[in-house]
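Comments concern the structure below.
Derivation of every value follows stated rules applied to the coordinates shown; laboratory data play no part. Note that this is a predicted model, so its numbers are computed, not measured. Quick reminder, even Gly has a Cβ in these numbers, built from the backbone with ideal geometry, and neighbours come from all protein chains shown.
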Amino acid sequence: MFKASFILLLLTTGATLTAQQTFDINRFSDPAKYGWQDWFDRINYRNDLIERQKLLQLYENNAQSVNLNVGKSALIPGWGQYSTGDYTKGHIFLGTELVLIGISAYYYDRAMYNYQKYLDATQVLEIENFYKKAQGDYQFTLIFVGLASLVWLFNVYDVVHSTEAFNADLWQRVHNDYYKAPLKLTPTGIEIRF
């Protein structure tokens, strides 16, 4: 215990001896390291920073979250595309998914019907015939479920790109509207430019 305390004391003392003894205020406050030559450059930089913060606030109020839209599209195909305003893709993904699930449910129902007929059959030809029909319909069910899952996966993949495109377009619109409009509603109030 004594050795550990002594080593810690030595390390602390060595660190303080090698530390800088004086604070160089001139080097700390040198505006040239930021590219400022005088007070006007500092004021212009501050005003530019305030303008960027206003734009960022306007952007963040309307920007879409990629994770939220992925969750929406994972739950209901096309919902994330609807959120980004890409209604055509949303309709296509939702419609395709519903059609594929409907077709697979139809073939599953037929497969179960033929399987029940297979169980109830008493003759060899009927048994073989209903078993083949049930097996064929069940294979179609698996094919359409596989297609539906591929459409669902592509939907989740596509919503990431749709959200990124929406956010990029939103940033461009916010930037253009902010600098071109004479009357603006900013996060801090109403602003009129002449």
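Computed over the chain, the per-residue total of -39500 (n - 2.57) for DSSP H runs of n ≥ 4 gives a 222 nm mean residue ellipticity of -27000 deg cm²/dmol, rounded to 500. Ordered by the count of other Cβ atoms within 10 Å of each Cβ, fewest first, ILE25, ILE127 give ILE25, ILE127. A simple spin-label model places the labels of VAL99 and LYS117 2.8 nm from each other, with each point 7 Å out along Cα-to-Cβ.
Remark: spin-label model distance GLN37-LEU183 equals 4.1 nm, labels positioned 7 Å along the Cα→Cβ axis.
Counting only aspartates and glutamates at least 8 places from LYS132 when in the same chain, those with an alpha carbon closer than 20 Å to its own are ASP109, ASP120. Put a dot 7 Å past the Cα of THR88, heading toward its Cβ, do the same for PHE140, and the two dots end up 3.3 nm apart. Among the chymotrypsin sites (Phe, Trp or Tyr not before Pro) within segment 1-105, those in coil by DSSP and having at most 11 neighbouring Cβ atoms inside 10 Å are PHE23. Size check on segment 1-160: the Cα extents along the three principal axes, sorted descending, read 103, 59, 19 Å.
The trypsin sites (Lys or Arg not before Pro) of segment 90-194 that meet both conditions, a loop assignment by DSSP and at most 13 other Cβ atoms within 10 Å of the site Cβ, are ARG193. Working from Cα pairs under 8 Å separated by at least six residues, relative contact order for the chain is 24 percent.
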